[in-house]
Structure formats: C-alpha cells, structure tokens
Amino acid sequence: MPFLVALLALSAGAWVRGQLLYWLGRVPTDQALRRTHPTIGWRKRVHDWLADGGADAGIAAIRRWGLVAVPVCYVTIGFQSMVQAAAGILRITWWKYALAQVPGALAWGTIYSTIGFVWWKATLAAAAGSPWGIAVIVALVATAVAVVVLARRRHGDRPARAEDRPMSGEAPRDRDATLR
C-alpha cells in the first residue's frame with residue numbers, strides 16, 4: 001500500500017473515531033441527564049456517572065488548555081477518549097471540534113503509518129520466528145483470556161447493591177426487568 005494512502009486512511013479513521021466519541025459524549029449525555037431520572041439499577045449508576053463527571057479529566061484539560069487539548073490528545077494513550085467525549089459533553093461547537101481534530105488525526109496517522117505498524121510488525125515477526133516468541137504470544141493471549149473470564153466470574157459473584165435489593169416486605173425485583 002502506498003504511504004500516502006495509508007496515512008490518509010489511518011488519519012481518516014482516527015478522525016471518524018474522534019467524531020464517534022464526540023457524539024457519544026454529546027447526545028446521550030444531554031438526553032440522559034435532561035430526560036431521565038432512574039432510581040435503581042445500572043441505569044441509575046450510569047446516570048450518576050454522567051452527572052458526576054465520568055470524563056472529568058478530559059473536561060478539565062479542555063477547560064485548562066482549550067481546543068489545543070483535542071489535537072494533543074491524539075498522541076496520548078488512554079487520555080484520548082476522555083478528551084473527545086468531554087468535547088461532546090461540553091457541547092463544543094461541532095465545526096470547531098472537527099477542525100481541531102485535523103492536526104491530531106494527521107499526527108496519529110503519521111505515527112501509525114510509519115513507525116507504529118512497522119514496530120508492531122517487526123515485533124510479531126521476531127516473536128513468530130522463534131519458539132520462545134511463539135510461547136510468549138500464546139502466554140499473553142492466555143493471560144488476557146484468563147483476566148476477562150475471571151473478571152466476569154467475579155462480577156457475577158458480587159453481592160447486590162443496596163439500591164437493587166428489595167425493601168423489607170417488598171417482593172424481590174426481577175433484575176432483567178430493570179434492563180428493559
């Protein structure tokens with residue numbers, strides 16, 4: 001694949017991902033906080049998370065640095081999603097946000113179309129060419145699967161939250177009914 005095509009495709013993908021996070025931050029947050037007031041279950045927890053500022057680090061960065069935080073976040077790990085969702089939560093004007101994304105998306109595309117994927121490909125090729133490398137890859141995949149399985153089991157074994165438990169004299173609630 002020619003370099004320019006890879007650069008543009010990766011940059012466009014980064015820009016679209018940023019737009020998705022922006023709109024996921026903007027529309028559901030606005031709708032959820034304005035139109036709903038759940039009192040129990042997972043919906044209440046999500047509503048409380050939104051109301052209490054689940055993206056506070058991103059909001060603080062935008063308030064401190066302004067729109068400069070948007071392109072800078074593209075060269076960070078973990079902080080990117082918070083800033084992009086925070087831009088939506090703060091209802092930054094769409095066209096200003098979209099323009100602020102361009103240099104960051106281009107930087108992200110440049111990193112991944114040059115050293116990013118080259119490093120990843122070289123690491124996998126080196127590992128796959130050696131029995132020890134294959135063993136490490138298998139161990140990493142097995143560890144990841146084990147962590148997910150254990151986390152799901154632990155989540156299923158948790159005691160019910162106080163707001164999910166029935167009040168004294170009340171019939172137990174059907175947990176699936178709160179999901180509808």
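Only the coordinates and a few stated rules stand behind these numbers; no lab work does. Given the structure is predicted, the values throughout are model-derived calculations rather than measurements. Methodologically, a virtual Cβ is constructed for each residue, glycine included, from the backbone with ideal geometry; neighbour enumeration extends over all protein chains shown.
If R0 equals 30 Å, the separation of the Cβ atoms of Trp23 and Ile111 corresponds to a calculated FRET efficiency of about 0.75. For the pair Thr123 and Arg35, a Förster radius of 35 Å applied to the C-beta separation gives a FRET efficiency near 0.15, rounded to the nearest 0.05. Using DSSP to call loops (not H, G, I, E or B), can you name the chymotrypsin sites (Phe, Trp or Tyr not before Pro) in region 1-90 whose Cβ has at most 10 other Cβ atoms within 10 angstrom? In loop regions of region 1-90 (DSSP not H, G, I, E or B), there are no sparsely surrounded chymotrypsin sites (Phe, Trp or Tyr not before Pro).
From the Cα gyration tensor of region 3-124, with a ≥ b ≥ c the square roots of its eigenvalues, which class applies: rounded if a/c is under 1.5, or else prolate if a/b is larger than b/c, or else oblate? Since a/c reaches 1.5 and a/b is larger than b/c, the shape of region 3-124 is classed as prolate.
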